[in-house]
Amino acid sequence: MNGTGSVEEAARALGFSRAKGYELIRRGRFPCRVLRIGRSSRVVTASLLRVLESGEPEYNDVRT
């Protein structure tokens with residue numbers, strides 16, 4: 001298992017679209033931890049799994 005995954009994959013697992021995922025990242029409201037690596041965003045896999053298991057968001061407060 002990788003340490004991070006794509007926003008597209010995470011959004012699909014959480015039940016919303018890629019566009020909604022990027023919108024939530026821009027607003028700092030994506031439900032799990034997101035890392036900015038250069039110009040790209042990567043979702044922390046462990047955080048995604050915790051959110052999927054608990055149903056509770058781990059807001060990240062990402063700024064673009």
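Odds and ends about this structure:
- Taking a sphere under 15 Å around the Cβ of residue 9 and counting the other residues whose Cβ falls inside, with K and R at +1 and D and E at -1, yields a net charge of +4.
- For the chain, the share of accessible area belonging to carbon and sulfur comes to 47 percent (1.4 Å probe, ligands and nucleic acids excluded).
- On a per residue basis, the convex hull of the C-alpha atoms belonging to the chain measures out at 70 Å³.
- Taking Cα centre as origin and charging only the Cβ of basic (Lys, Arg, +1) and acidic (Asp, Glu, -1) residues, the dipole magnitude of the chain rounds to 340 debye.
- Structural descriptor for the chain: relative contact order 38 percent, calculated from alpha carbon pairs under 8 angstrom and at least 6 residues apart.
- Cβ-based charge dipole, segment 4-64, positive-most Cα from 21, 52, 32: 21
The values are calculated or read from the model by the stated rules, or taken from the named source; none is laboratory data. In this text the structure is predicted, and so the values were computed from the model without any measurement. For neighbour counting, all protein chains shown are included, and Cβ atoms are generated from backbone atoms with ideal geometry for every residue, glycine included. To get the accessible areas, we keep the full protein, side chains included, count just its heavy atoms, and leave off ligands, DNA and RNA. Shrake-Rupley method; radii C 1.70, N 1.55, O 1.52, S 1.80 Å.
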